């Protein structure tokens, strides 16, 4: 969860010649499968697609990330530093797991939607409570489960022949 402070009212302090915060609102945001699902139901396109989002779509996603109800005018008070903070939060890994690099560079490029992620969760028996996790953390869990569920690679015929030949040499036998 990300918490940002948005200033809603400022006063000018003439003694210090500076603006001081008169009123602010705490905004709590959550980048999760729930947020993604809400956004996709409004825009009817994949959020995680390669298409660049419009400003309107980006602000809409921030609205979907809201945990608490806040007045709509708060969105007009978001500063560039708030947007940067939100972007950093959305892109952060939110876990310490280091996954191995996939050697398969020709993996099919599938459009990831909320329904597909829910499907993965159902297939892998991931509790639906995890839909509120940070999306990157949820994706990492799904990858870890897939890695752990993948059976070890079978030995190739050439590798078996090499081992048998080495054992024949070692023990002086013919087979």
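None of the figures in this text is laboratory data; all of them are computed from the coordinates on show. Since we're looking at a predicted model, the values are computed, not measured. So basically every Cβ, Gly included, is an ideal-geometry build from the backbone, and we count neighbours across all protein chains shown.
Once the Cα atoms of helix 80-91 and of the chain are each reduced to a long axis, what angle between those two axes, in degrees from 0 to 90 to the nearest 10, is obtained?
That helix lies at roughly 20 degrees to the long axis.
Provide the descending list of Cα extents for region 81-175 along its principal axes, expressed in whole angstroms.
73, 31, 24
Highest mean first, what order results for 36-43, 157-164 on Cβ atoms within 10 Å?
Going by the mean number of other Cβ atoms within 10 Å, highest first, we get 36-43, 157-164.
With a point put 7 Å past each Cα toward its Cβ, work out how far residue 11 is from residue 26 in nm, to one decimal.
2.3 nm
What is the Cα centroid distance between region 145-175 and region 40-78, reported in whole angstrom?
Centre-to-centre (Cα) distance: 54 Å.
If I take R0 = 25 Å and measure r between the Cβ atoms of residue 42 and residue 143 in this structure, what FRET efficiency does the formula 1/(1 + (r/R0)^6) give, to the nearest 0.05?
It comes to 0.35.
Which residues among region 47-62 fall inside the zone where the amide N is under 12 Å from a point 7 Å beyond the Cα of residue 78, along Cα→Cβ?
Residues passing the 12 Å test: 54-62.
Mind ranking 20-33, 84-97 by how tightly packed they are, going by the mean number of other C-beta atoms within 10 angstrom, highest first?
My ranking of the peptides, most packed first, is 20-33, 84-97.
If I fit a long axis through the Cα atoms of helix 33-43 and take the longest principal axis of the Cα atoms of the chain, what angle between them do I get, 0 to 90°, rounded to 10?
70 degrees
Can you compute log10 of I(q)/I(0) for region 50-128 with the Debye formula, treating each Cα as one identical point scatterer, at q = 0.13, 0.20, 0.24, 0.25 Å⁻¹?
-0.68, -1.23, -1.32, -1.33
For the chain, what does the relative contact order come out to in percent, with C-alpha contacts under 8 Å and a separation of six or more?
This gives 24 percent for the chain.
Round to the nearest 10 and give me the degree value, 0 to 90, for the angle of helix 55-65's Cα axis relative to the longest principal axis of the chain.
Approximately 80 degrees, to the nearest ten.
Starting from 0.36 nm per residue, how many nanometres of slack lie between residue 53 and residue 112 once their C-alpha separation is accounted for?
Once the chain is fully extended between residue 53 and residue 112, it gains 19.7 nm.
Once the chain is represented by equal point scatterers at the alpha-carbon sites, with solvent omitted, what log10 I(q)/I(0) does the Debye formula produce at q = 0.14, 0.19 Å⁻¹?
For the chain, the Cα-only Debye profile gives -0.89, -1.32.
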